[in-house]
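> Here it is, the structure, as structure tokens.
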Amino acid sequence: MNEAILAHFHPDERPFVERMAKVAERAADRHTVELTDFLDPRQADIVDMLVRRHPDLHVLLAGGHPEAERKRAVIAPSYIPLEPADARLALIRITAAGGKPAELEHGDYLGALLGLGIKREKIGDLHVSPDECQCVVAAEMADYIDLNLRQVHRVRVMTERLPVSELKPVVPELTEMTLSVASLRLDAVAGDVWRLSRAKVLEPIKAGRCRVNWKTEDNPACLLKEGDTVSLRGFGRFRLVRINGETKSGRLRITVAKFG
């Protein structure tokens, strides 16, 4: 792949970019339909950009519902029509044995699925409610999950395959908070959101454990803007909703929304 193009991506992203570029080239050269694993929003943007470099290709992104975060990409020659069914998605419903509320969290369900030896790339969004979890997964993994998933955390569970059309999306809970920050630097905002000292917030950022809009960001001085989503491994995720203006002392008033 052109080194000039790779230079625009973070080093951690380049293997993915090179791999997806080859997938797009294969679809264009061999006139085949190519299906990816689940992609996060940043990866989906990269795939869309790579496909647009080929005027004879188009791409469909599907994750079970329009607002899905994780989606599979179907890449094909432009003369081949694409439909959501081409993404080969499946829906698994997980409930506690005995019908009692499971009181389990997103991490419990995801951990149980990964504990079966399934790669994260084969799992889409998990929609968790008090009574169940609806898991969007790659169709090729659905039977395996249905046969083998019998426990989540310490709770015995039952599974059931459902049509994807029966998905009931669960919108993540957001808690808004207003802060006064010294600047819009990543380290300043993240430190105030999670009440971390400068030293404690710098370490994970510089170690590559922070993402801004799903892109690895290891520069603490990166300036955030309205709409940016920030995640810090081990601490969670927040979105910068609004910049409300300056205080009399010159600090910035911002509104952020924390997930979960």
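> All other residues with a Cβ under 12 Å from the Cβ of residue 10 taken together, and with Lys, Arg as +1 and Asp, Glu as -1, what is their net charge?
0
> Per-residue ellipticity at 222 nm for the chain, helices alone: DSSP H runs ≥ 4 residues times -39500 (n - 2.57), over residue total, nearest 500 deg cm²/dmol?
Taken over the chain, the calculation gives -8000 deg cm²/dmol.
> Right, something else. Calculate the FRET efficiency for residue 219 and residue 259 from the Cβ-Cβ distance with a Förster distance of 25 Å, rounded to the nearest 0.05.
Efficiency at R0 = 25 Å is approximately 0.65.
> Listed highest first by mean packing, meaning other Cβ atoms within 10 Å per residue, what order do 215-226, 62-73 come in?
62-73, 215-226
> Percent relative contact order of the chain, based on C-alpha pairs within less than 8 angstrom and at least six residues apart?
Averaging sequence separation for qualifying contacts and normalising by length gives 14 percent for the chain.
> Mind ordering 164-176, 237-249 by average Cβ neighbours within 10 Å, highest first?
237-249, 164-176
> Using a Förster radius of 35 Å, what is the FRET efficiency between residue 33 and residue 10 based on their Cβ-Cβ separation? Nearest 0.05, please.
Between residue 33 and residue 10 the formula returns 0.75.
> Search the structure for amide H atoms under 5 Å from the amide H of residue 89, placed 1.01 Å from N in the peptide plane, and list their residues when 5 or more places away or on another chain.
139
> Evaluate the distance, in nm, between pseudo-label points positioned 7 Å from the Cα of residue 19 and of residue 79 along their respective Cα→Cβ axes.
3.1 nm
> Net charge near residue 25: determine it from the other residues with C-beta under 12 Å of the C-beta of residue 25, scoring Lys and Arg +1 and Asp and Glu -1.
That works out to +1.
> Tally Lys and Arg at +1 and Asp and Glu at -1 over the other residues with C-beta under 11 Å from the C-beta of residue 201: what net charge comes out?
+3
> Here is a follow-up. Karplus couplings for region 107-117 from phi (6.51 cos²θ - 1.76 cosθ + 1.60, θ = phi - 60°), rounded to Hz, Gly and Pro as x?
x, 5, 5, 5, x, 5, 5, 5, x, 7, x
> Along each principal axis of its Cα atoms, how long is the chain end to end? Whole angstroms, biggest number first, please.
Sorted largest first, the three principal extents are 59, 55, 29 Å.
> A further question on this structure: What pairs from 71/215; 200/248; 71/225; 215/258; 206/258 go past 20 Å between their alpha carbons?
200/248; 71/225; 206/258
> What distance in nm separates the simple spin-label points at residue 180 and residue 100, each placed 7 Å from Cα in the Cβ direction?
Going by the 7 Å Cα→Cβ label model, 4.9 nm.
> Now for a separate question. With a point put 7 Å past each Cα toward its Cβ, work out how far residue 237 is from residue 148 in nm, to one decimal.
So the two model labels end up 2.6 nm from each other.
> Rounded to whole Å, give me the distance from the Cα center of region 151-189 to that of region 24-53.
27 Å
Each value in this text was obtained by applying a stated rule to the coordinates, not by laboratory testing. Source: prediction; values computed, not measured. Backbone-built Cβ (ideal geometry, glycine too); neighbour counts: all protein chains shown.
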